[in-house]
Amino acid sequence: MGILALSTMKGGSGKSTVAICLAAEWLKQGKSVALIDTDPQASVVRWRQSGEDLQALPLTSAGAAEVETELLRLVAAGTDHIVVDTPGFRAEVTEKVLALADLALVPLKASPVDFEVAADTVDMIQGISSARRQGGTRGAAKKTSLDFLFLLSQTVRDSVISRHMRAELKQAGYPLMKVELINRVLYSEAALLGSAPCYLAPGSQAAKEVKSLAKELDQFMKK
């Protein structure tokens with residue numbers, strides 16, 4: 001699959017939750033996985049340190065000065081899935097990650113504020129994608145342009161606002177994943193215990209949602 005960047009211009013969207021739950025799911029599937037935390041809040045690092053279930057998940061912290069070298073090292077090593085959690089605001093490290101990423105995944109909640117920030121995030125991604133097309137990539141990404149997908153997270157199942165948000169995103173022409181992550185207590189419990197749904201409760205709806213998310217991403221990246 002390559003490099004998956006969790007990116008948005010707004011905090012609290014569920015980036016860290018998606019990053020660590022996806023990485024854990026792929027690891028459990030037997031894929032070679034690496035997780036990079038570039039967020040100054042170190043949410044992913046703190047999550048993993050809270051328990052034992054994810055100790056086998058390779059995790060590094062990287063800032064703007066180190067992230068390119070780390071990404072290129074992991075690509076050269078043939079890592080199947082490199083998942084990068086970025087800050088919830090525009091930062092130099094985010095731009096460096098997106099310059100090398102194969103896909104930007106943009107989680108957002110079903111709210112008008114998140115929709116407005118989505119437009120800013122798209123502008124950032126498209127600007128970086130344009131620069132990549134003009135200058136070529138630097139040996140990590142498979143394509144000169146940068147693909148991106150939106151993911152609705154922390155939603156209330158079948159709620160009016162969730163349906164409205166999905167319709168608004170489609171009308172705006174934003175590529176949107178079929179899967180969405182419902183707001184479930186298990187995600188918070190997993191963070192508290194340093195685990196992930198696929199380990200903590202493999203038969204749960206949360207675990208099934210993350211597995212569906214991983215499958216949809218795998219299928220998209222094979223196109």
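For the range 16-70, a residue qualifies if it is open to solvent by 60 Å² or more (accessible area, probe 1.4 Å), in contact with a strand residue (DSSP E or B) (Cβ under 7 Å, 6 or more places away or on another chain) and acidic (D, E), but none of them does. So is L151 aliphatic (A, V, I, L, M), under 15 Å from I20 (Cβ atoms) and open to solvent by 40 Å² or more (accessible area, probe 1.4 Å) or not? No: the conditions fail for L151.
Scanning the range 1-15 for residues that are over 17 Å from V97 (Cα atoms) and open to solvent by less than 10 Å² (accessible area, probe 1.4 Å) yields a single hit, S13.
Sort out which residues of the range 167-184 are of a type outside the set (K, R) and closer than 16 Å to P112 by Cα, and write them in order of number. Those that are of a type outside the set (K, R) and closer than 16 Å to P112 by Cα: A167, E168, L169, Q171, A172, Y174.
Scanning the range 185-210 for residues that are open to solvent by less than 30 Å² (accessible area, probe 1.4 Å), farther than 16 Å from Q154 by Cβ and assigned to a helix (DSSP H, G or I) yields a total of 2.
None of L192, L217, L181 is more than 17 Å from the chain's Cα centre (by Cα), closer than 25 Å to W47 by Cα and of a type in the set (A, V, I, L, M, F, W, C) except L192.
Taken together, the residues in the range 102-126 that are open to solvent by less than 40 Å² (accessible area, probe 1.4 Å) and either farther than 28 Å from A167 by Cβ or not aliphatic (A, V, I, L, M) (or both) amount to 5.
Contact map, the range 49-77: residues that are of a type in the set (D, E, K, R) paired with residues that are assigned to a helix (DSSP H, G or I) and open to solvent by 30 Å² or more (accessible area, probe 1.4 Å), Cβ distance under 8 Å, separation 6+ or inter-chain. Pairs shown: D53/L193; D53/Y199; D53/L200; E68/K96.
Each row is one residue, and each column tells you yes or no for (1) closer than 22 Å to I182 by Cα; (2) of a type in the set (A, V, I, L, M, F, W, C); (3) under 15 Å from the mean Cα position of the chain (by Cα).
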| position | (1), (2), (3) |
| --- | --- |
| Q55 | no, no, no |
| E68 | no, no, no |
| R73 | no, no, no |
| P112 | yes, no, no |
| F115 | yes, yes, no |
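Summed over the range 175-212, residues that are of a type in the set (S, T, N, Q) and in contact (Cβ under 8 Å) with a residue 24 or more places away in the chain total 3. Test T94 against the stated conditions and say whether it is open to solvent by less than 50 Å² (accessible area, probe 1.4 Å), of a type in the set (S, T, N, Q), farther than 27 Å from E180 by Cβ and touching a residue at least 12 places away in the same chain (Cβ under 8 Å). No; evaluated as a whole, the condition is false for this residue.
The values are calculated or read from the model by the stated rules, or taken from the named source; none is laboratory data. Quick caveat: nothing in here was measured; it's all calculated off a predicted structure. Note: ideal-geometry Cβ built from the backbone for every residue, glycine included; neighbour counts use all protein chains shown. To get the accessible areas, we keep the full protein, side chains included, count just its heavy atoms, and leave off ligands, DNA and RNA. Shrake-Rupley method; radii C 1.70, N 1.55, O 1.52, S 1.80 Å.
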